[in-house]
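Here's the structure we're looking at; comments come further down.
The values are calculated or read from the model by the stated rules, or taken from the named source; none is laboratory data. As the structure is a computational prediction, the values presented were derived from the model and not from experiment. Positions of Cβ are backbone-derived with ideal geometry, glycine not excepted, and every protein chain shown enters the neighbour counts. With ligands, DNA and RNA removed, areas are computed over all heavy atoms of the protein, side chains included. Shrake-Rupley method; radii C 1.70, N 1.55, O 1.52, S 1.80 Å.
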Amino acid sequence: MNLNAQSTSLQNCFDLAVQHNMTIRQARSALLSGQYNLQAEKKSYLPKVDLLSSYTYLSSPLTINLQTVKDGVVNGSSSQSVNAANEVFKEITGNNLSQAAQDRIFNTSKNIIGAIYPDYNPELSKQSYFVAGLGIRQPIFLGNKLDAATNLAQSLVNTASINVNLVSKEVDFLISLQYMRILYLNTVLNNQQLIVNALEKNKNYAEELVKNQILPPYQKSWTNVVLMQANARFNSIKLDKQNAHVELNKLLGVGLDSNVVITDTLKYVTVNPVLPQGDFWTDNPIYQLAGSKISYAKTAEKISKSFALPNIFAVGNYNLYQRDLPVTIPDWFVGVELQWSLFNGQTRKRTLAARQLVDEAKLGEETAGQALQVLSKVSRNKMISLQNEVMVLDNARKEAHTTTRLITKRMENQLSSPKDVNDAVLIEEEIDKAYQAAVLGYYLALAEYFNSLGNPKQIAQFIK
């Protein structure tokens, strides 16, 4: 990126950050993730259909133990034979069979049936088998767990949305600070260049006086030392400005080596921002983020309470593949399933913990609101204090400039030495730096004030 057509304004920096800042993009990604999760929770009422399959190998095939019922089957069948023969004889003769005849029929039937009765246990299925089918599970009542889960997902989306605004606000605030720092360095750099030019001119004048044997040589050496120190300070300010641009590029989300041209300087203008009205802190994302935790905590409390309620599902299964399936497993079934934890020692404690979390969130919201009120008042007091300081330093730097000009004229008339000029220039440099630092502090306090109101971009209308 190379923005070199004209000086980049603070509003241009805000616009770049909206598109490219990595922190803002990360917050938006978290919001999108929460929105997808909310959509998923809204569909939790739909039935769940699973493809179920299994391969089972038994240690031994499933069998029926017929030997345990052998006596009952043999005796029962023999008794039925006796009853049948007796009924037939009774139809023919009108009389029952004699007891001896009945005993013979019973014993004969018992011997025949006992001889043909299996003396082994038949298998119900093979030792291994494969089954596959569709399983369906439809929630009917889950003790408000689904509603609570949806509300929790919605709460997370709301929090993520507020976090996007909060991150954007903080990025805008940091950009404002960095931009004003660059304007400050531009101003100091220009002034330092004037200082270097004045000291260099003084050095050249001292050299002429030494050549004409009007001044001793050490006077020229002294002016040269002071000039070298001023050049070193000038180069240090240039490096500070380069570092400031790198940090600004990071906030903008552009390449660190991008040439974002900012040539403006920091000019002092008295600002009288409007006093905030009403509960102004409620519009600040910091306060809103603290408030969103209350909704989250209340939802968590509802979820904790829902664990004590039953869960009811409609269930069903249809076997798609049932070759060699055990005869005890049906082809399909439907039913209703009830799950109810009758005792869980953790439920009450979890509810109490969730309830305490609600109280904690309310206190956090109140603390955030109070902190924003303090920040607003403190920043305004800083502005008032720095206004007075700027006024005093402005008068002092004007006096210092006048003094330097007078001493320079006296030197030109050989009434003062180059060292006197150097001293005056250095004093003027320090006073001017203090003035520019006070101006920067004033604008930083103004930026903090607008940030406490939740609108740090408002500083752009005063930085032109």
* Asked: Under a plain spin-label model, where a point goes 7 Å from the Cα along Cα-to-Cβ, how far apart in nm are S385 and S341?
  -> 5.5
* Structure fact -> Simple spin-label estimate for K90/E399, 7 Å along Cα→Cβ, in nm, reads 14.2
* To do: Would you tell me the accessible area of W340, worked out with a 1.4 angstrom probe on the heavy atoms of the protein chains, in Å² to the nearest 10?
  => 140
* To do: For T404, T56, write out the residues from largest to smallest accessible area, computed with a 1.4 angstrom probe and no ligands counted.
  => T56, T404
* P(r), alpha carbons of the chain - 10 Å bins starting at zero, rounded % -> 4, 12, 13, 13, 11, 9, 8, 7, 6, 5, 4, 3, 2, 2, 1, 1, 0, 0
* Would you mind checking which residues have amide H under 5 Å from L52's amide H? H placed 1.01 Å from N; only 5 or more apart, or other chain. => G133, L134, G135
* Sequence-distant lysines (8 or more away, or on other chains) whose Cα lies within less than 28 Å of K409 -> K201, K203, K211, K220, K398, K419, K433
* If you stretched the chain out fully between K377 and S79, how much longer would it get, using 0.36 nm times the residue separation minus the C-alpha to C-alpha distance? -> 96.6 nm
* **Mean Cβ neighbour count within 10 Å, used as a protection proxy, ranking 438-450, 391-403 highest first** => 438-450, 391-403
* Quick one: accessible surface of D147, probe radius 1.4 Å, all protein chains present, in square angstrom to the nearest 10. => 70
* Asked: Normalised by the number of residues in the chain, what is the relative contact order in percent for Cα pairs under 8 Å and 6+ residues apart?
  -> 24
* To do: Report the accessible area of E247, computed with a 1.4 Å probe over the heavy atoms of all protein chains in place, in Å² rounded to the nearest 10.
  => 90
* Structure fact -> Mean Cβ-within-10 Å packing, highest first, puts peptides 190-196, 172-178 in the order 172-178, 190-196
* Could you tell me what percent of the accessible area of region 210-286 is made up of carbon and sulfur, with a 1.4 Å probe and every protein chain present? => 54
* Simple label model, 7 Å out from Cα along Cβ direction - S29 to F333, nm -> 4.8
* Structure fact -> Inter-part gap, Cα centre of region 185-208 to Cα centre of region 49-117, in whole angstrom, is 125
* Once amide H atoms are built 1.01 Å from N in the peptide plane, which residues 5 or more positions from V261, or in another chain, come under 5 Å H to H? -> L3, T8
* Asked: Between D283 and A232, what FRET efficiency comes out of the Förster formula 1/(1 + (r/R0)^6) with R0 = 60 Å and r the beta carbon distance, rounded to 0.05?
  -> 0.80
